[in-house]
Amino acid sequence: MACFGKATVKVMETILKAYPDAARQRNHDGFLPVHIAAHWGVSHSDICPLILRAYPDGAVGRNRWERTPIEEALGMAGENGRAHQLSLVWSLRRHPTYWIHNDVGSMLLPRNVRGAPWRLVDLGDGVVDGNVGGNNGNGGLRSAGERGMIGGRGAVDVDEVGSSDEEDEGVEVQMAQSSSSPPNIHDPAYIRTLAESTDLSLLITKDKHWSAATLRCKLHPTEASEALEVKVRGAYTAKITPLHYACENKPSVEVIRTLIEAYPKALERRQEPGGQLPLHAACTWGASSEVIQTLLKSRPACAEMRDFLSNLPLHCACYSGAATVVVESLLHVYPQGVWPRNHQGSSAVDIVRRLGHGNRKEVLRLLERTMGRLLERAAAAGEEGVEVDPDTSLEWV
C-alpha cells in the first residue's frame, strides 16, 4: 500500500526496517513492491534504492504479465515522463549485485548527495550551480557538472560531478589559468582550430560544440559513420552513431543536416541495445522542432519504425511531453501512428492521458482529431466494420 500511495522516504524506511521481507511479497497479479513503484512512480529518488537494498533480485523479478520493473517503468512514463523518473529508471537498470556489493546504506544518508549516483537533481532549464548550461567559454569544454546535464529538464547526475579531491584539483588549475582570458568560442578562427584538431566523436560527446562538429564533419565526413560505444542519456552504455548521440543532446539543425549528408544510413541505424533510431532519441530528449522536421524530411519512413519496446517516435514524444508542433510533425508524416500500441499496451492517447505534461490538453485534442479524421476517411471509403459516432467521431463498431 505504501508503494501504491507513493509514500515518503521516512515511511518506507520505517516499514522496511520493521519488516524487511515486505520487499519480497507479491500481490495477486505477481507484483513486487518494486513493480508497483515502477508502475505508479515514486515520491523521491531514494524510494527505489531502499526497496532494492532490501530485495536486490526484485530488479529482475517478473509479474503476471512477465514484465520486469524496468519494463513497467518505461511502459508507464518512458525515460523522463514524470517526477523522479530519471532516478527510478537509473536504479532499475542496475544489476542486483550493485545493491549487494555497494554500501547503499551510507549512500542513503540525506547529506551524502555525491555518494548516491541515482539522485538525478532537477535544476530546471539548464542551470547548474547558478550558471546557465551550455558552452561556458572555456575552450568549448564543459565543466563536470555540465557534463552531467540530463535533458531539457536540467537534471544533473550528481555522481558525475566528481569527488571533493577532483574538485579541489580543478579549482587549482582554474586559478592558475585565470590570468589569461578564455577564448571566444564563437570566434571563427577558434572554431576552425578546434575542428581541425579534435575528432568528431569528442566534439559531439564531450565538447558538444555544434559549430565545430559541423565543420569537422565537412572536413572529415567518414568520421560520421564511426560507431561509438558510450554512455547514453539513459545512463547505460550502448553502441550508437554520432548522429544518434547528437540527437540526445539538443543539437543545432546545421550539425544534424551535416551528419545526415555525410552518412545517411545513420538515420536507420538502431541503438544497441534498445533498438531506438535517432528520431526516437530526438523525440525522447527534447530536440527542437526544426531538428525533428529535418530528420523526418530526410527519412519519413522512420516515423513508422518501432524500437524493441514497440514504441514509435510518437510514443516517445508523448512520454517526454514534447512540444505540440513536434507531435503535429510526426502525425503529418504518419497519422496512422495514433493507433498502434507499444509493448506495455499503451497508444499515444493513453500515454498523454496518463501523464500530466503542460501541453496535455492540446496534444490530446490533436491526437483525437487525427483519430476522428482517419475514422471518417475509413467510413467514407466503405470499409467494413467501421461506424463513426456523430458526436465523438471516435467509435469502432
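The values are calculated or read from the model by the stated rules, or taken from the named source; none is laboratory data. Given the structure is predicted, the values throughout are model-derived calculations rather than measurements. Cβ sites come from the backbone with ideal geometry, for glycine too, and all protein chains shown count toward neighbours. For accessibility, only protein heavy atoms count, side chains too; no ligands or nucleic acids. Shrake-Rupley method; radii C 1.70, N 1.55, O 1.52, S 1.80 Å.
Of everything listed in (1) touching a Leu at 6+ places or on another chain (Cβ under 9 Å); (2) open to solvent by 20 Å² or more (accessible area, probe 1.4 Å), the single unmet condition for GLU272 is (1).
Taken as a whole, the structure places GLY286 among residues that are touching a residue at least 60 places away in the same chain (Cβ under 8 Å) and farther than 20 Å from GLU72 by Cα. Of all the listed residues (ARG257, ARG299, ARG306, ARG269), the sole one being under 27 Å from SER87 (Cα atoms) and among the basic types (Lys, Arg) is ARG306.
Being on the phi > 0 side of the Ramachandran plot and within 24 Å of the chain's Cα centre (by Cα) holds for only one residue in HIS44, HIS84, HIS35, HIS39, and it is HIS84. A search for C-beta distances below 6 Å between a residue of the stretch 367-382 that is under 19 Å from VAL333 (Cβ atoms) and any residue that is part of a helix (DSSP H, G or I) and modelled with pLDDT of 90 or more, counting only pairs 6+ apart in sequence or on different chains, returns LEU367/VAL338; LEU367/ALA348; LEU367/VAL349; THR370/LEU331; THR370/PRO335; THR370/VAL338; MET371/VAL338. Is it true that GLY30 is at positive phi and either open to solvent by less than 20 Å² (accessible area, probe 1.4 Å) or in a loop (DSSP other than H, G, I, E, B) (or both)? For GLY30, the condition - at positive phi and either open to solvent by less than 20 Å² (accessible area, probe 1.4 Å) or in a loop (DSSP other than H, G, I, E, B) (or both) - is met. The set of residues from the stretch 301-311 being open to solvent by 50 Å² or more (accessible area, probe 1.4 Å) and within 19 Å of LEU366 (Cβ to Cβ) comprises just one member, GLU304. Each residue in the stretch 197-238 was checked for being of a type in the set (Val, Ile, Thr) and open to solvent by 70 Å² or more (accessible area, probe 1.4 Å), and 2 pass.
Given the condition more than 23 Å from TRP339 (Cβ to Cβ), aromatic (Phe, Trp, Tyr), touching a Leu at 6+ places or on another chain (Cβ under 8 Å) and surrounded by fewer than 24 Cβ atoms within 10 Å (Cβ to Cβ), answer yes or no: does some residue in the stretch 284-294 qualify? Within the stretch 284-294 (the criterion being more than 23 Å from TRP339 (Cβ to Cβ), aromatic (Phe, Trp, Tyr), touching a Leu at 6+ places or on another chain (Cβ under 8 Å) and surrounded by fewer than 24 Cβ atoms within 10 Å (Cβ to Cβ)), the answer is no, since none of the residues qualifies. I'd like to know if the stretch 40-57 contains one or more residues that are open to solvent by less than 20 Å² (accessible area, probe 1.4 Å), more than 21 Å from ALA116 (Cα to Cα) and at pLDDT 90 or above. No. Restricting attention to the stretch 21-53, the residues being over 18 Å from SER106 (Cβ atoms) and not polar (S, T, N, Q) number 20. Taking HIS28 as the residue in question, decide whether it is within 23 Å of SER310 (Cα to Cα), modelled with pLDDT of 90 or more and not charged (D, E, K, R). No.
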